[in-house]
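Worksheet: one structure, shown below.
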Amino acid sequence: MSQAKAVNRLGQVVGTSRDALGRTRAFLWHEDLGIVDLKPLTGVNTSANDINENGEIAGGGDTGFGDFHAYLLSEGTSFDLGTLGGNESEALAVNRRGHVTGHSRVAGAVVKHAFLIADPGRMVDLGSLGGAGRAGALSIAHDVNDEGAVVGLAETRTGQPHAFLWTAVDGMRDLGALGAAPSMALGINNRAEVVGGSGHAFLWTEKAGMVDLGTLGGRTSCANDVNDLGCIVGVSQTGGTDARGLPVTRAFLRMPDGSMLELGTLGGEHSSAAAVSEADGGVLRIAGHSHDAGAAVRAVLWTVRLE
């Protein structure tokens, strides 16, 4: 099994794959090099969740001492980013400036809090929508843009997970939801457009608020990433069912004009798009995963030429 998590405009892809012993390994793939085991930390299980335009990679891994820590891999050197006091953290995104965001367990509590590292060695607890610093409230940061704006999900005072937007000026802001459904924000671009899921995929902007993007014909969908052109990728149910009677899910690309394109599979019934690059020479690169004809999960890179 392998899953691609992120891709940059150079076509460098990162993700995770199971090795022959069943261990989760972080990988880097490029057309010229193939797939490479990153080995960012000293332990066995590792993840690679994002790569920026400079080739810096963010993820998490075993430390060899029973803990799991966020890391940043930069210019061939891996940096253990530590935690917010607990024994576990993971980096989920890195921007062009090397700012890292993700989640960490806090000291004396089992819950996770969103964090941002904008200055080397300083992990900032972003709190929750249940009150800054409230130990019992969950928050997870999923993405950060080049201005340092962070998006993710956080529990409200009633315990409902809601999408949030955090900035250094305004702190953590509740972006609401589509009806009564929980919501989570998964991507933000440099125009402060936010995407995520709340039963259906959504696009949030300051002007329009949270807009339902619909589906590929099924009940549910989720938007996972958005680039600076406004191209959005994610996954949606189609309305069909597979051989097991489960809803068929397909990766999609939503263009700025509002059209939603199904991206297909490697021969199986299911696929999902996790990330989209900025356009390079009129070409978009989309990373994700797909079932092949034997129902195995494989990392995928789709290439789409813009007209």
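Nothing in this text is a laboratory measurement; each read-out follows from the coordinates by a stated rule. In this text, all values refer to a predicted model and were calculated from it rather than measured experimentally. Glycine gets a Cβ as well: all are built from the backbone with ideal geometry, and neighbour counts include every protein chain shown.
With a cut-off of 11 Å between beta carbons, the residues surrounding residue 103 carry a summed charge of -1, where Lys and Arg count +1 and Asp and Glu -1. Within the set (i) 16.0; (ii) 14.7; (iii) 17.0, the number that mean projected area of the Cα convex hull in nm² takes when calculated for this structure is listed as (i). Computed from backbone phi with θ = phi - 60° and the Karplus coefficients 6.51, -1.76 and 1.60, the 3J(HN,Hα) list for region 140-146 is 9, 9, 9, 7, 9, 8, 6 Hz; x is used for glycine and proline. May I ask for the distance between the Cα centers of region 72-142 and region 232-307, given as a whole number of Å? Going from one Cα centre to the other spans 29 Å. Sorting 27-40, 176-189 by their mean Cβ neighbour count within 10 Å, with the most densely packed peptide first, gives 176-189, 27-40. Straight-line reach from residue 207: taking Cα to Cα under 13 Å and skipping same-chain neighbours fewer than 8 places apart, the aspartates and glutamates in range are 193.
Applying both filters, DSSP loop and at most 10 other Cβ atoms within 10 Å, to the trypsin sites (Lys or Arg not before Pro) of region 239-285 gives 244. Length available on full extension from residue 229 to residue 306: 0.36 nm per residue minus the Cα-Cα distance, which gives 26.6 nm. Please state the shape class of region 53-151: rounded when a/c is under 1.5, otherwise prolate if a/b exceeds b/c and oblate if not, all from the C-alpha gyration tensor. The shape class here is oblate. Using the Cβ of residue 247 as centre and a radius below 11 Å, the other residues enclosed give a net charge of +1, where K and R count +1 and D and E count -1.
Relative protection proxy for 82-88, 277-283, from highest mean packing down: 82-88, 277-283 (other beta-carbon atoms within 10 angstrom). Rounded to 0.05, the FRET efficiency of the residue 21 and residue 280 pair, given R0 = 25 Å and the Cβ-Cβ distance, is 0.10. Here the 3J(HN,Hα) profile of region 236-243, calculated from phi with Karplus coefficients 6.51, -1.76 and 1.60 at θ = phi - 60°, is 9, 5, 9, x, x, 10, 8, 4 Hz, Gly and Pro shown as x.
Ranked by the mean number of other Cβ atoms within 10 Å of their residues, highest first, the peptides 227-237, 64-74 fall in the order 227-237, 64-74. Report the paramagnetic label zone for residue 246: residues of region 281-295 whose backbone N is under 20 Å from a point 7 Å from Cα along the Cα-to-Cβ axis. The answer is 288-295.
In order along region 87-96, the Karplus-derived 3J(HN,Hα) couplings, from 6.51 cos²θ - 1.76 cosθ + 1.60 at θ = phi - 60°, round to 9, 8, 7, 8, 8, 10, 7, 9, 9, 5 Hz, and Gly and Pro are given as x.
By the scheme Lys and Arg +1, Asp and Glu -1, what is the net charge of all other residues having a beta-carbon under 14 Å from that of residue 72? That works out to -3.
Under 5 Å from the amide H of residue 127 lie the amide H atoms of 114, 133, each residue being 5 or more positions distant or on a separate chain, with H modelled from the backbone and absent for Pro and chain starts. For a straight C-alpha distance cut-off of 28 angstrom, the lysines reachable from residue 5 (same-chain residues fewer than eight places away being disregarded) are 39, 112.
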